[in-house]
Amino acid sequence: MIPFIDLQAQRKRLGQPLEDAILKVVRSGAYIMGPEIAEFERQLAAFGHAPYALSCGSGTEALVLPLMAWGIGPGDAVFCPSFTFAATAEAMPLVGASPVFVDIDPDTYNLDPESLQAAIEAVKREGKLTPRAVIAVDLFGGPADYPAIARVCAKHGLKLISDSAQGFGCTLDGKHPIHWAHVTTTSFFPAKPLGCYGDGGAVLCKDEKFHDLLVSLRVHGQAVKSDIEGKTFEHDAKYLNVRIGMNSRMDTIQAAVLLEKMKIFEDEIAARNRVADRYAAGLSDLVKTPTVQDGGVSVWAQYTIEVEGRDELGPHLREHGVPSAVYYPIPIHRQGVYSGYPTAPGGLPVTEAKAGQVISLPMHPYLSADDQDQIVAAIRAFVKKNR
Ligand SMILES: *Cc1c(COP(=O)(O)O)cnc(C)c1O
């Protein structure tokens, strides 16, 4: 079976230096907040063109932290797509707020600015919830339509988060999503384009005070610089807890792994784009291949096509030694625990249609041309047989 994502090929390329970096942390004893954490945050901010980056426990907590920092909670509405991983929407109930589900663009699968506009107006008209923020997702690695989404946010005074868990490193007109968003979040779950060897995440932001607040929230609301300025203490200020936070530290070992992976990340993004181009060349005459936002560069977390008879394609590919996956078979607003939250007026027809049509193919920077030929041939045989 061809691997769906080949993390071992990457590990072999990284070789001994990766293992040395891990062992160095083990031997140092600085398992929590060791020096690798600050160095990784510095490099991550530089890579993502953001003034500040804060590592944290996971991509889910990376979404929760800014919501907490803005004081978003009960009675507040945060708008997000339903065609995404559950964590995008889960962040809202975790702080007591309500997700409001918005439809997607039929080609990029990302937040539809018109559906967003309509959803915000509907929530305002109804008057039960206060619109506070929008979470746009760079689904499958491709950038959302940030200029249009940011315009809608500015018009309504809403904060904008780019959930770049799948799209970290993607650009639009050469700029990273943080150019338009107040905050970018990402996940280092191993299968993401930039993954570690466990759980991890990060929040990128532009404002020093906001970053300070995140630093505090990440470690139990501990007092930070601005909290203790001009004050004197009889005890260590470290044990002064001035707000309700949580524990969302990333392990030092994960930062050490990520520092090694950062060295090849740019090169891997280029390799992912070559793999995507080969798929498009082999398939675009027969199936709907992915569309990236105009001016955008995807990091290709997934390569997702649309094909008639989707449910039969998976088993057909498996017979030919090719794994596949459906992201996402059930939109979030159709899942029991999320079904009580509001949607854009008129519902989410595009989201619901796409859930029945999409299928994702093996995608990683080390996919060989031979393996790809085998995948393309199996899909072509299926489509031709089905016609
Ligand atoms: C993976 C993912 C997350 C959550 O990341 P974790 O690190 O698994 O908590 C959030 N949003 C999207 C779009 C994701 O794909």
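Residue by residue, here is whether (1) in the same structural domain as Glu352 (by TED's automatic domain parsing); (2) among the small types (Gly, Ala, Ser); (3) open to solvent by 10 Å² or more (accessible area, probe 1.4 Å) holds:
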residue: Ile104; (1), (2), (3): no, no, no
residue: Ala118; (1), (2), (3): no, yes, yes
residue: Pro147; (1), (2), (3): no, no, yes
residue: Ala150; (1), (2), (3): no, yes, yes
residue: Lys155; (1), (2), (3): no, no, yes
residue: Leu172; (1), (2), (3): no, no, no
residue: Ile178; (1), (2), (3): no, no, no
(request) Tell me which residues, restricted to the range 340-387, are surrounded by 12 or more Cβ atoms within 10 Å (Cβ to Cβ) and over 27 Å from the mean Cα position of the chain (by Cα). (result) Asp371, Asp373, Gln374, Val376, Ala377, Ala378, Ile379, Arg380, Ala381, Phe382, Val383, Asn386
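Does Ala191 satisfy the condition of being over 18 Å from Gly295 (Cα atoms), in a loop (DSSP other than H, G, I, E, B) and aliphatic (A, V, I, L, M)? Working first, answer last.
Values: over 18 Å from Gly295 (Cα atoms): yes; in a loop (DSSP other than H, G, I, E, B): yes; aliphatic (A, V, I, L, M): yes.
Yes, satisfied.
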(request) May I ask you to say which residue of Ser28, Ser82 is away from the ligand (no atom under 16 Å from the Cβ), over 24 Å from Glu266 (Cβ atoms) and outside the structural domain of Thr304 (by TED's automatic domain parsing)? (result) Ser28
(message) Which condition from (1) free of Cβ contacts under 8 Å to residues at least 24 places away in the same chain; (2) surrounded by fewer than 17 Cβ atoms within 10 Å (Cβ to Cβ) is the one that Thr289 breaks?
(response) (2)
(message) I'd like the full set of residues that are under 25 Å from the mean Cα position of the chain (by Cα) and over 11 Å from Ala255 (Cβ atoms), limited to the range 14-41.
(response) Leu14, Leu18
(message) So Glu352 ticks every box in (1) in contact (Cβ under 8 Å) with a residue 60 or more places away in the chain; (2) more than 22 Å from Phe168 (Cα to Cα) but one. Which box is left unticked?
(response) (1)
(message) Which count do you get for residues in the range 196-223 that are open to solvent by 10 Å² or more (accessible area, probe 1.4 Å) and farther than 30 Å from Ile22 by Cβ?
(response) 8
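What do you reckon, is Leu129 open to solvent by 40 Å² or more (accessible area, probe 1.4 Å) and under 24 Å from Gly346 (Cβ atoms)? So that I can check it myself, show each step before the final result.
Values: open to solvent by 40 Å² or more (accessible area, probe 1.4 Å): yes; under 24 Å from Gly346 (Cβ atoms): yes.
It is true that Leu129 is open to solvent by 40 Å² or more (accessible area, probe 1.4 Å) and under 24 Å from Gly346 (Cβ atoms).
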(request) For residues that are in a loop (DSSP other than H, G, I, E, B) and in contact with a strand residue (DSSP E or B) (Cβ under 7 Å, 6 or more places away or on another chain), scanning just the range 146-175, find the one that is farthest from the ligand (Cβ to nearest atom). (result) Leu158
(message) All but one of (1) in the same structural domain as Cys170 (by TED's automatic domain parsing); (2) over 19 Å from Leu54 (Cα atoms); (3) open to solvent by less than 30 Å² (accessible area, probe 1.4 Å) hold for Ile228; state the number of the condition that does not hold.
(response) (3)
(message) Among the residues in the range 75-90, are any open to solvent by 10 Å² or more (accessible area, probe 1.4 Å) and more than 22 Å from the chain's Cα centre (by Cα)?
(response) yes
(request) Would you be able to tell me the number of residues in the range 61-72 that are open to solvent by 20 Å² or more (accessible area, probe 1.4 Å) and within 13 Å of the ligand (Cβ to nearest atom)? (result) 1
(request) Within the range 32-42, identify whether any single residue is more than 16 Å from the ligand (Cβ to nearest atom), modelled with pLDDT of 95 or more and under 17 Å from Leu160 (Cβ atoms), and answer yes or no. (result) no
(request) Determine whether the range 48-60 contains at least one residue that is touching a His at 6+ places or on another chain (Cβ under 6 Å) and within 13 Å of the ligand (Cβ to nearest atom). (result) no
(message) Return the pair list, or none, for Cβ contacts closer than 9 Å from residues in the range 179-205 that are within 20 Å of Arg42 (Cα to Cα) and free of Cβ contacts under 8 Å to residues at least 60 places away in the same chain to residues that are of a type in the set (A, V, I, L, M, F, W, C) and outside any strand (DSSP E or B), at least 6 apart or on different chains.
(response) Ala181/Ile149; Ala181/Ala150; Ala181/Cys153
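The values are calculated or read from the model by the stated rules, or taken from the named source; none is laboratory data. Computed from a prediction, not measured in an experiment: that's the story for all the values here. With ideal geometry, Cβ positions are generated from the backbone for all residues, glycine too; neighbour counts draw on all protein chains shown. With ligands, DNA and RNA removed, areas are computed over all heavy atoms of the protein, side chains included. Shrake-Rupley method; radii C 1.70, N 1.55, O 1.52, S 1.80 Å.
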